[in-house]
Structure formats: C-alpha cells, structure tokens
Amino acid sequence: MGGEDGIPKTPRWAESKCGVPAAEIKALARYWATHNVSTAHCNGGGYIRSCFSTEPARLEVALLAMQGVGAPGRTMFKFIEWGLFGMEGLNSLPKCEWGTFMWAAYSGHVQGTYLTSFIPQTLVPKAILMPEGEKLTWPGRVVCNMPLEDQYVDYEFPLPGAERIHMIWTDTPCWSTCWNGGNTMQEALRDESIEFYLVQHPWMENDTLFADIILPISTKFEQDDIGTSFQCGENDMVVDELPAIDPLGEAKTDAEAVLAIAEKLGMAEELMEEWCYSPDLKGAVAGKSGGQIAPDQVGHIMGEPSFETMKRVGYEFGGCSEHMPFEKFQEKGYLPIRFKDEADWKSDPIGMRAFYEDPENNPLETPTGKIEFYSLSIHEHWPNDPERPEVPHWIEESDEHKERLSSDRAKDYPFLLMSNHPRWRVHAQGDDITWFREIATCKVTGPDGYQYEPVWINPRDAERLGIEDGDIVRLHNERGSVLGGAMITERIRENVLSQDHGARVDGIVLGTGGLDRGGANNLICPTATTSKNAPGEVTNGFLVGIEKVDVFELAEKYPDQFNRPFDKSEGALASTKIVQA
C-alpha cells in the first residue's frame, strides 16, 4: 500500500516494471478474485533460476491465500515429478499402495544426509578460488527435501583443521554449462591450487576438456542396474535393469571405475563396506526388522560386499523386500506396484481442503501452523534482510545483483537474456545430435559453416541495431561474451533476448572476460547466488548487450581457435582439444 516507501504498488506501478498494461493487470486481478483459479508449475523453470527468485514464489502463496486456497478448484500443483517434493495432498496423480526410490542403490545414502564436509554446487568456484586461510560459509544443505529449519543452519568449508580443495574427481563434468558464472569455474579448474582433475563420464561434456585424466564410463544400456519406472513420487514398478548391450571399448560403470582405483590404493574392501553398509542403510535395514537385527549384523545378513550386494541393499532400503523376495524379483525382472482401489483413493485428503475448512485442527508446517504473510522464522534468523524480507517484496536490486532494465548497468547492457531449458537437447546432452541440428530452429549456420546457437530477437530491436535474420551476434557483459545466430521473431518482446542454455562450450578465450563460440551462456551469467541467504543459482533473466560480428574478422584475431576442425553436422570436436597420454 506504500506504507514503507510512499510508493503504492498499483497496477500502474507494476506496468513500469513488467511491461504488461495496467488494464490487463486489473482484469487478471478481477478474474482471479471472482473465479476458481489454481496455479501449476513444471518445476519452476526460469521462474526459480533468477536473482531474488524467492520473492515471486512467496508472493504466489500470498495470492493463493487471499483467494482462499484449499477451496474447491483453488489449489496449486506441479506437472513434472508430480509427488516428488511438497505436500502429499497436492499430488494430483492416482495413489499407489506404496512407493519407493532407488537412490540408495547407487549412492549409498539418502540425498542431503550422511554428509560431513560438503559445498553447494553454486559455490564450488568460490570455494576453490578463495584466498588461503579464509573460510566459505553459507546457510542450509541446499537440498529441497530437507526440513525447513535446515536453511537456518550455518555450514562452512573447509572444516576446522581440514585442507582446502587440491583435487577434483567428478562424474558430472558439466558445471560450466549447468550452473552460475561458468567463466569463473573455468578459472577455478585451471587454478594452481587444483593439482589434479579426474573425470569419469560417458560423454565429452564441457568440463571434461579441462581434465588431466578421462575414464570412459558405460551408459545405462550397458549396465546391470536397478530402478523405478520414473522418479516422480508415483512409481508403478521397480525394474531389474539388465544390460541391453555389452560395454563398448574399455568402458566401465562408475562404481567399477571407482573400485578399480580403490584396488590400486589397497582400499577396495573398505570402500565396498562403505557403499553397502553406510550408517543410513544399516539403520534403515535394521529398522525394518523391528529391532531384531542390529546395525552391525546387517553385513552378515546381506552377504559379502559386491555390486550385487549394492543392488540388494538398495532393494532392501527401498522397502521392496516386504512385497517380493529379492531372488523372486531377479527371476521375474520387475516388481509391480498396485494403484489404490478407487474406494481407497477417493477417501484421501483433497489438496489443502482440510486446512481450508478447519485450519486450527489441520495446521501447516509453519511456526504458526498457518500461511504466513509475515515470516516469523525469517524474522528470527535474518531480520531486515533486504533481499528476502519478512514480507515478500519486489526487489529492484542489491549489492550483489543489478540485473534489472532499470539498473545503471542497463546503459551498457540493455537487454534481459532469457535462458530456457533447450528444446533440442537435455541440458548439455545431445547438442551434437546430427538429426536435431538439421532442424531450422536448432542451430543457425554461419557464413563460415559453423552452426551457432540461436538468439531470438524482436524485429524492432533487430532493425534498430542493424541485425538481420541469420547474422552472427555477440552477447556480452563484463563477465564475458558468447556468440549466437540471430533469429528475428515476434515471439520475443522488445528489450529481451532468448538463447537456450546448455550449448557445448567451444572456448576461444577462457575465463572471466572470455569468448565462447558455442553459445554456452551460463558462462556469462552472474556468479552471485539467488540472494545473500539463499545459495541457489542465477542463470536466467540477466543483463547483456548484443552486437553483430564478422566471424572472419574474429578468425583473423584468433586464428588457432577458429581454425580448429569442426564437423558441420555435429559441431566442435573434443578430439582437437585432448592430448592422449
């Protein structure tokens, strides 16, 4: 209402921020207030991958509360991974008689637990590059299925008396194309503090090219594994995943690769004990026996450590043995999970109906048991946080983030870059699929024959800047530059550009201020996290400039990099950057 700063947050005020006419905002508000309206998400997308992204989520909760969430037709749900996280009553799928996850079968622990020393993904470069003797601190384990209170627990790296990072061993070498501020990660990987970098992976994803040693890993089609029909909270079967083909070349599973190195180091037995009988699994298996099996007896029950044992332990930990013995499961090949009978699931709680009808006797998991417009827990732990205050706000900018078109930085970088999950690949996987690259919207072929990542630009912006359809352009800010191919379309609004994330890195100049030919725009997104007290990624909705470039002039400036061989149907060739040991 303007009580804090004297500026009422009216539709006219909002029009200046989002560009939607005030009359349309009013019309939506009236419709929202007079109809049954529900909101639905597909895991958030760019909505949750921008600075201050806590605020629109909290404001949405406030809007739902004002409408009377829980009333018939007034709820909230998500499409992808329907019941994986959140309130069970908001899962709109038919309910199974029981459910399970197979994470423990290959990780040995439940996500977010059984960790002593760890670093959030978003802070890895900062942890590597911080000055000697300093510590990195952050709140929470940064795992979405942890209890609410965990976000208020402070963690640090390195732990007292422990060393900083000197070696990296990864099976997910795609940091620079999947997280925030990838150019900084390139600097971190080349920092002198990192003495050795080992990658094990099936594909030549982007960070693989920085590795000292690359171990070939088999794909899912080559492995003897266990899994569920889909990891969404509603699974209709557990599957004994037998290999479809023999492993190619020298490829091994991740576990086999780790064990082979452990054997060289004389640690194989200790490692298998850790994998098969971690504290989480011991306690879980013992707990399922009603206290008849002590945790230290689990090893004797399960047999000697082996990959078969890992699968068996995962099966036990998932509660599957209660429904079918492991031997019968292996013989049958799958364990079906029945959906509840109609009479059973029709009696399940409906959304937030119980809270709506009787909030006192059906409280939420908040300190007050109610929907809190004013967060008591934020006030207790982080009073007066300007980036996430007790009441949700529109946050214009902060010391860490100046990514609005109203910012002074917009004078140099006047476009908001929207970076979606790609249509023609999965994150960074599949960017070299030749069939997809033949599709007109997948890549833009430049005058040099190289296929560039598309950049959508509004026709009025393109005309003003002298950019034509098919031109090669440079997106840039103080963090660096990436190239792309212009696609002129009315499907993007003025002062906004769109380039999908996940393109293969093809570095011309590495590190901060560098230039990437492949169009991997995660390299130039902010290094700062969601906000001071929310260490999420910021990879969408940040400021860039755009200009037309002459690729032949760039080739003269960087002859070695631009003259590296590439395949016109697949893109950059990793073989040109790898030295065989």
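The values are calculated or read from the model by the stated rules, or taken from the named source; none is laboratory data. Note that the structure is predicted; figures quoted are calculated from it, not measured. We place every Cβ from the backbone using ideal geometry, glycine too, and count neighbours over all the protein chains shown. The area values use the complete protein model at the heavy-atom level, side chains included, leaving out ligands, DNA and RNA. Shrake-Rupley method; radii C 1.70, N 1.55, O 1.52, S 1.80 Å.
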| remark: If we keep only residues of segment 30-71 that are surrounded by fewer than 13 Cβ atoms within 10 Å (Cβ to Cβ) and over 19 Å from Arg353 (Cβ atoms), then the residue nearest to the chain's Cα centre (by Cα) is Gly45
| said: Condition first: over 15 Å from Trp169 (Cβ atoms) and either modelled with pLDDT of 80 or more or in contact with a helix residue (DSSP H, G or I) (Cβ under 8 Å, 6 or more places away or on another chain) (or both). Now tell me which residues in segment 257-278 satisfy that. | reply: Glu263, Gly266, Ala268, Glu269, Glu270, Met272, Glu273, Trp275, Cys276, Tyr277
| task | Scan segment 242-255 residue by residue and report those that are more than 26 Å from the chain's Cα centre (by Cα) and surrounded by fewer than 17 Cβ atoms within 10 Å (Cβ to Cβ). | result | Leu242, Pro243, Ala244, Ile245, Asp246, Leu248, Gly249, Glu250
| For segment 405-431, how many residues are in contact (Cβ under 8 Å) with a residue 12 or more places away in the chain, open to solvent by less than 70 Å² (accessible area, probe 1.4 Å) and assigned to a loop (DSSP other than H, G, I, E, B)? | 10
| note | Residue pairs qualifying under the 7 Å Cβ cut-off, at least six apart or on distinct chains, with the first in segment 172-187 being touching a residue at least 12 places away in the same chain (Cβ under 8 Å) and over 17 Å from Ser419 (Cα atoms) and the second being of a type in the set (S, T, N, Q) and assigned to a loop (DSSP other than H, G, I, E, B), are Thr184/Thr512; Thr184/Thr527; Glu187/Thr512
| said: Considering only segment 218-236, I want to know if a residue exists there that is at pLDDT 90 or above, out of contact with any Cys (no Cβ under 6 Å at 6 or more places or on another chain), open to solvent by 60 Å² or more (accessible area, probe 1.4 Å) and of a type in the set (Lys, Arg). | reply: no
| field | Within segment 538-561, tally of residues that are crowded, with 19+ Cβ neighbours inside 10 Å and among the aromatic types (Phe, Trp, Tyr) | value | 1
| field | Verdict on Pro158 being within 30 Å of Thr530 (Cα to Cα), touching a residue at least 12 places away in the same chain (Cβ under 8 Å) and touching a His at 6+ places or on another chain (Cβ under 6 Å) | value | no
